[in-house]
Amino acid sequence: MFTRSELEIKTIKELRDLCCRYGIKSTGNTGYKTSYIVTLMAFPLLALQQMKQGKGLKFSNFNAIQVISSAIDEMNLPTDEQAALIWITLEGRK
(Lines give C-alpha, C1' and ligand atoms only; values in the text may rest on other atoms or scores of the structure.)
Protein backbone atom coordinates (compact mmCIF):
# COMPACT_ATOMS: atom_id res chain seq x y z
CA MET A 1 0.00 0.00 0.00
CA PHE A 2 2.55 2.59 1.14
CA THR A 3 6.32 2.64 0.84
CA ARG A 4 8.44 3.79 3.73
CA SER A 5 9.81 6.70 1.68
CA GLU A 6 6.26 7.87 0.86
CA LEU A 7 5.38 7.92 4.53
CA GLU A 8 8.61 9.41 5.87
CA ILE A 9 8.10 12.67 3.97
CA LYS A 10 4.71 13.20 5.63
CA THR A 11 4.19 15.16 8.85
CA ILE A 12 2.87 13.55 12.01
CA LYS A 13 -0.50 15.21 11.38
CA GLU A 14 -0.67 13.78 7.85
CA LEU A 15 0.24 10.33 9.15
CA ARG A 16 -2.35 10.61 11.93
CA ASP A 17 -4.96 11.64 9.35
CA LEU A 18 -4.12 8.59 7.22
CA CYS A 19 -4.55 6.31 10.23
CA CYS A 20 -7.89 7.97 11.02
CA ARG A 21 -9.03 7.64 7.41
CA TYR A 22 -8.45 3.88 7.47
CA GLY A 23 -9.59 3.41 11.06
CA ILE A 24 -6.34 1.99 12.38
CA LYS A 25 -4.49 2.82 15.59
CA SER A 26 -0.84 3.71 15.67
CA THR A 27 1.55 1.58 17.67
CA GLY A 28 3.73 3.04 20.39
CA ASN A 29 4.20 6.70 21.21
CA THR A 30 2.04 8.90 18.98
CA GLY A 31 4.57 11.70 19.24
CA TYR A 32 6.88 9.87 16.83
CA LYS A 33 6.39 9.37 13.09
CA THR A 34 7.69 5.81 13.39
CA SER A 35 4.60 4.79 15.36
CA TYR A 36 2.38 5.73 12.45
CA ILE A 37 4.73 4.53 9.71
CA VAL A 38 5.02 1.02 11.15
CA THR A 39 1.24 0.76 11.46
CA LEU A 40 0.54 2.06 7.95
CA MET A 41 3.08 -0.27 6.39
CA ALA A 42 1.98 -3.35 8.33
CA PHE A 43 -1.82 -3.22 8.28
CA PRO A 44 -2.38 -4.74 4.79
CA LEU A 45 -0.31 -7.81 5.63
CA LEU A 46 -1.92 -8.14 9.05
CA ALA A 47 -5.39 -7.94 7.50
CA LEU A 48 -4.60 -10.77 5.08
CA GLN A 49 -3.08 -12.90 7.83
CA GLN A 50 -6.22 -12.42 9.93
CA MET A 51 -8.38 -13.62 7.04
CA LYS A 52 -6.22 -16.73 6.66
CA GLN A 53 -6.57 -17.38 10.40
CA GLY A 54 -10.36 -17.14 10.14
CA LYS A 55 -10.64 -13.88 12.10
CA GLY A 56 -13.12 -11.25 10.95
CA LEU A 57 -13.87 -11.53 7.23
CA LYS A 58 -13.43 -14.96 5.74
CA PHE A 59 -12.83 -16.17 2.21
CA SER A 60 -16.06 -17.37 0.57
CA ASN A 61 -16.22 -20.75 -1.07
CA PHE A 62 -17.47 -21.24 -4.62
CA ASN A 63 -20.95 -22.37 -3.53
CA ALA A 64 -21.47 -19.23 -1.44
CA ILE A 65 -20.41 -17.04 -4.35
CA GLN A 66 -22.89 -18.83 -6.63
CA VAL A 67 -25.71 -18.25 -4.13
CA ILE A 68 -24.86 -14.54 -3.86
CA SER A 69 -24.67 -14.29 -7.65
CA SER A 70 -28.09 -15.91 -7.99
CA ALA A 71 -29.59 -13.52 -5.45
CA ILE A 72 -28.16 -10.51 -7.33
CA ASP A 73 -29.54 -11.87 -10.61
CA GLU A 74 -33.01 -12.25 -9.04
CA MET A 75 -32.94 -8.68 -7.72
CA ASN A 76 -32.54 -7.32 -11.25
CA LEU A 77 -31.61 -3.66 -11.91
CA PRO A 78 -33.38 -0.71 -10.30
CA THR A 79 -35.58 1.60 -12.33
CA ASP A 80 -34.49 5.22 -12.65
CA GLU A 81 -36.85 6.17 -9.81
CA GLN A 82 -35.59 3.36 -7.57
CA ALA A 83 -31.98 4.34 -8.26
CA ALA A 84 -32.82 7.97 -7.39
CA LEU A 85 -34.39 6.82 -4.10
CA ILE A 86 -31.27 4.83 -3.28
CA TRP A 87 -29.02 7.84 -4.03
CA ILE A 88 -31.09 10.28 -1.96
CA THR A 89 -31.17 7.82 0.94
CA LEU A 90 -27.39 7.47 0.84
CA GLU A 91 -26.95 11.24 0.69
CA GLY A 92 -29.11 11.62 3.77
CA ARG A 93 -26.80 9.35 5.76
CA LYS A 94 -23.66 11.35 5.01
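Label-to-label distance for Asp80 and Ile24 is 4.4 nm, based on points extended 7 Å past Cα in the beta-carbon direction.
Ligands, DNA and RNA left out, the 1.4 Å accessible surface of the chain is 60% carbon and sulfur atoms. Rounded to the nearest whole Hz, the Karplus-based 3J(HN,Hα) values (6.51 cos²θ - 1.76 cosθ + 1.60, θ = phi - 60°) of segment 27-43 follow the sequence 9, x, 6, 6, x, 10, 4, 4, 4, 7, 4, 4, 5, 5, 7, 8, 4, with x at glycine and proline. For segment 42-94, what log10 I(q)/I(0) values come out of the Debye formula at q = 0.21 1/Å, with one point per alpha carbon and no solvent? Taken in order of the listed q values, log10 I(q)/I(0) reads -0.82. The value of relative contact order for segment 1-72, using C-alpha pairs under 8 Å at least six residues apart, is 25 percent. With both labels modelled 7 Å from their Cα along Cα-to-Cβ, the Phe62 to Ala42 distance reads 3.8 nm. Multiplying the residue separation of Gln49 and Ile72 by 0.36 nm and removing their Cα-Cα distance gives an extension gain of 5.3 nm. Mean projected area of the convex hull spanned by the Cα atoms of the chain, taken over all viewing directions: 9.6 nm².
The values are calculated or read from the model by the stated rules, or taken from the named source; none is laboratory data. From a predicted model like this one, the values you see are computed outputs, not experimental measurements. Heads up, the Cβs are rebuilt from the backbone with ideal geometry, glycines too, and the neighbour counts pull from every protein chain shown. Protein only, heavy atoms only, side chains kept; ligands, DNA and RNA dropped before computing areas. Shrake-Rupley method; radii C 1.70, N 1.55, O 1.52, S 1.80 Å.
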